[in-house]
Amino acid sequence: MTEPIVVLTGAGISRESGLATFRDADGIWAKVSIEEVATPEAFRANPQRVHQFYNDRREQLQGGEVQPNAAHEALVRLEREYPGEVLVVTQNIDDLHERAGQENLIHMHGELLKMRCERCSTVHDWRTDADTTTACPGCGTAGRLRPHVVWFGEMPFEMDRIQEALARCGTFLSIGTSGTVYPAAGFVQLAKTMGDSYAIEANLEPTDTSGLFDEHHSGPAGEQVPALVDRLLKGAA
Ligand code: APR
């Protein structure tokens, strides 16, 4: 078996690294509302509040305690040792996949460590705080920078490339996502109808889309993903 593998990851893969998910009882949306910090309207209404929300998460991500975990590392092993193509599509805006060594990677919801200028559209690596007075390194305009993340109501990045990969993959692996936010939640149907692929879900618990998968494995990603990668690599040997 060397058919391409597409892996979708969500906040659950970063939970054991110390980053909160969104919809668990202790998740981000239990503490702050989406309408307050994760929509274009929120940013227009109160840009400083939105900047602070992402400043806090950027600071936590770089705080030193947050490191890639065994699940991130197993996906890097899959990319390096599997004889066919492996594409990781993540909904996460953290950089844990990169820090683990993943290379063939798409951040469909953008990246916490990047900032975009609404005036000149340049995108910049960003590791410090930003606010409504911060100037764009590209055009120098102050107050027009926004987090380079996809908010609710905005189109995710690289959808053409993702759909093309789903149409030709032999195995679709979904890890640590609740399957509640589209278009990512619909990827399993695309993979199965367009690509006739075998779909495996690994999540702490069953999700709304578990019934669409050929297999569901409940448990923490740090345990489930290394075992799945061992199996996929053995199957390809
Ligand atoms: N291992 C595996 N899965 C886990 C773990 C763990 N250690 N801990 C939690 N989970 C599971 C939860 O059971 C849940 O189903 O991870 C899933 C996380 O779901 P969400 O919090 O909804 O996160 P996600 O699916 O990534 O959200 C999708 O929604 O808010 C937007 O843009 C945001 O990218 C995000 C998108």
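The values are calculated or read from the model by the stated rules, or taken from the named source; none is laboratory data. As the structure is a computational prediction, the values presented were derived from the model and not from experiment. Here Cβ is always computed from backbone atoms with ideal geometry, including for glycine, and neighbour counts include all displayed protein chains.
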Matching residues in the range 207-237 (within 16 Å of the ligand (Cβ to nearest atom), more than 20 Å from the chain's Cα centre (by Cα) and surrounded by fewer than 18 Cβ atoms within 10 Å (Cβ to Cβ)) number 3
Among the residues of the range 173-206, the number that are over 25 Å from MET155 (Cβ atoms), modelled with pLDDT of 95 or more and surrounded by fewer than 16 Cβ atoms within 10 Å (Cβ to Cβ) is 2
- Within the bounds of the range 214-230, is there any residue that is within 18 Å of ASP24 (Cα to Cα) and among the acidic types (Asp, Glu)? no
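Could you tell me whether any residue of the range 145-157 is more than 25 Å from TRP126 (Cα to Cα) and either of a type in the set (Phe, Trp, Tyr) or loosely packed, with under 14 Cβ neighbours inside 10 Å (or both)?
Start the filter on the range 145-157 by keeping residues that are more than 25 Å from TRP126 (Cα to Cα), which leaves none.
No, the range 145-157 contains no residue that is more than 25 Å from TRP126 (Cα to Cα) and either of a type in the set (Phe, Trp, Tyr) or loosely packed, with under 14 Cβ neighbours inside 10 Å (or both).
Of all residues in the range 170-182, which are in a loop (DSSP other than H, G, I, E, B) and more than 14 Å from the ligand (Cβ to nearest atom)?
GLY170, the sole residue that qualifies.
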Over the range 1-53, the set of residues in contact with a helix residue (DSSP H, G or I) (Cβ under 9 Å, 6 or more places away or on another chain), near the ligand (Cβ under 9 Å from one of its atoms) and within 30 Å of THR133 (Cβ to Cβ) is ALA20, PHE22, ILE28, ILE34, ALA38
Of the listed residues (ASP125, ASP129), the one being of a type in the set (Asp, Glu) and touching a Lys or Arg at 6+ places or on another chain (Cβ under 7 Å) is ASP125
Taking the range 23-50 and keeping only residues that are without any contact (Cβ under 8 Å) to a residue 60 or more places away in the chain and among the aromatic types (Phe, Trp, Tyr), one is left with TRP29
All-but-one check, CYS139 against (1) over 30 Å from HIS51 (Cβ atoms); (2) part of a loop (DSSP other than H, G, I, E, B); (3) more than 10 Å from the ligand (Cβ to nearest atom), failing number (1)
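Going through ALA185, ALA167 one at a time, which residue ends up being near the ligand (Cβ under 9 Å from one of its atoms) and part of a helix (DSSP H, G or I)?
Details: ALA167 fails: near the ligand (Cβ under 9 Å from one of its atoms).
Being near the ligand (Cβ under 9 Å from one of its atoms) and part of a helix (DSSP H, G or I) holds for just one of ALA185, ALA167, which is ALA185.
Hey, does the range 147-160 have a residue that's without any contact (Cβ under 8 Å) to a residue 40 or more places away in the chain, under 21 Å from PRO40 (Cβ atoms) and under 18 Å from the mean Cα position of the chain (by Cα)?
Yes; the residues of the range 147-160 include at least one that is without any contact (Cβ under 8 Å) to a residue 40 or more places away in the chain, under 21 Å from PRO40 (Cβ atoms) and under 18 Å from the mean Cα position of the chain (by Cα).
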Of the residues in the range 188-206 that are of a type in the set (Val, Ile, Thr) and more than 17 Å from the chain's Cα centre (by Cα), the one that is farthest from the ligand (Cβ to nearest atom) is THR193
